[in-house]
1. Being of a type in the set (F, W, Y), farther than 15 Å from N216 by Cβ and in the same structural domain as E213 (by TED's automatic domain parsing): is that true of F130 here?
2. Kindly provide the set of residues from the stretch 135-176 that are hydroxyl-bearing (S, T, Y) and closer than 10 Å to S116 by Cα, ordered by number.
3. Taking Q109 and the conditions (1) under 20 Å from E213 (Cβ atoms); (2) not assigned by TED's automatic domain parsing to the domain that holds S180, which numbered condition does it fall short on, given that it satisfies the others?
4. In the list V138, V120, which residue meets the criterion of being touching a Pro at 6+ places or on another chain (Cβ under 8 Å), of a type outside the set (S, T, N, Q) and at pLDDT 85 or above?
5. Pick out the one residue from V50, V104, V100, V61 that is modelled with pLDDT under 85, aliphatic (A, V, I, L, M), in contact with a Phe, Trp or Tyr (Cβ under 7 Å, 6 or more places away or on another chain) and under 17 Å from F200 (Cβ atoms).
6. Do you know which residues across the stretch 44-63 are within 10 Å of the chain's Cα centre (by Cα) and assigned to a helix (DSSP H, G or I)?
7. Can you list residue pairs whose Cβ atoms sit under 8 Å apart, with the first residue in the stretch 47-61 being among the basic types (K, R) and the second being assigned to a helix (DSSP H, G or I)? Count only pairs 6 or more apart in sequence or on different chains.
Amino acid sequence: MKDVVAYVVSSHGYSERRACQVTRQHRSTQRKPSTRDPRTELRQRMHEIVATRIRYGYRRVHILLRREGWQVGRNVVYRLYREEGLALRTKQPRRRKMVVHRQVRCQPQAPNEAWSLDFVHDQLSIGQKFRMLTVVDVFSREALAIEVGQRLRGEHVVEVLNRLACRRGPPKYLFADNGSEFTGHLVDLWAYHHGVRIDFSRPGKPTDNAHIETFNGR
């Protein structure tokens with residue numbers, strides 16, 4: 001805020017008193033040097049999280065930070081979240097909001113290192129609609145599961161993952177899109193407790209999850 005007051009003074013020729021009135025900042029705040037920790041590393045980590053978890057608000061960001069060992073309260077995370085403009089992502093057009101520059105995705109070197117998940121929609125001849133949750137091993141291209149139901153939600157995704165983990169052990173990575181079934185709390189908690197990293201695809205980029213897209217297409 002001090003920079004804003006300095007800009008008003010230098011650009012418009014206002015006195016410091018008048019600039020503080022315009023920007024609604026108390027003069028004592030302008031004159032007293034700030035002793036608050038800038039928390040640069042924490043801010044950078046928050047930017048990294050929201051760059052890949054595009055649906056996460058400050059509450060989910062706070063949970064992830066606590067899991068990583070950051071000793072920080074939710075109110076502090078909310079303040080930094082607002083100061084960094086991360087909450088303004090919802091003000092952007094959807095096609096711009098969901099754009100994420102992807103880092104290099106891991107390349108599994110053995111079976112059971114990475115699983116790919118997606119949903120397929122279809123309907124019967126009588127017009128009844130249903131969904132299928134498909135799970136594929138990225139390395140071996142093996143179809144691990146095809147769960148069929150009329151209404152499959154996050155809890156059903158967790159049930160399938162638990163069944164596969166009991167039989168094969170959990171993977172290191174899950175590849176999925178940003179559907180609510182995969183970004184919800186249940187799947188997130190399952191991944192956390194099993195030490196699994198979820199790698200979300202960019203919306204409108206089916207090539208980010210090409211293995212499951214190819215399987216479903218066939």
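The values are calculated or read from the model by the stated rules, or taken from the named source; none is laboratory data. Everything numeric in this text was worked out from a predicted model, so none of it was measured. Backbone-built Cβ (ideal geometry, glycine too); neighbour counts: all protein chains shown.
1. no
2. Selection gives Y173 alone.
3. Status for Q109: all satisfied but (1).
4. V138
5. That would be V50, the only listed residue that is modelled with pLDDT under 85, aliphatic (A, V, I, L, M), in contact with a Phe, Trp or Tyr (Cβ under 7 Å, 6 or more places away or on another chain) and under 17 Å from F200 (Cβ atoms).
6. E48, I49, V50, A51, T52, R60, V61, listed by residue number.
7. That search, which allows pairs on different chains as well, returns R53/R60; R53/V61; R53/L64; R53/T183; R55/T183; R59/R74; R60/D188.
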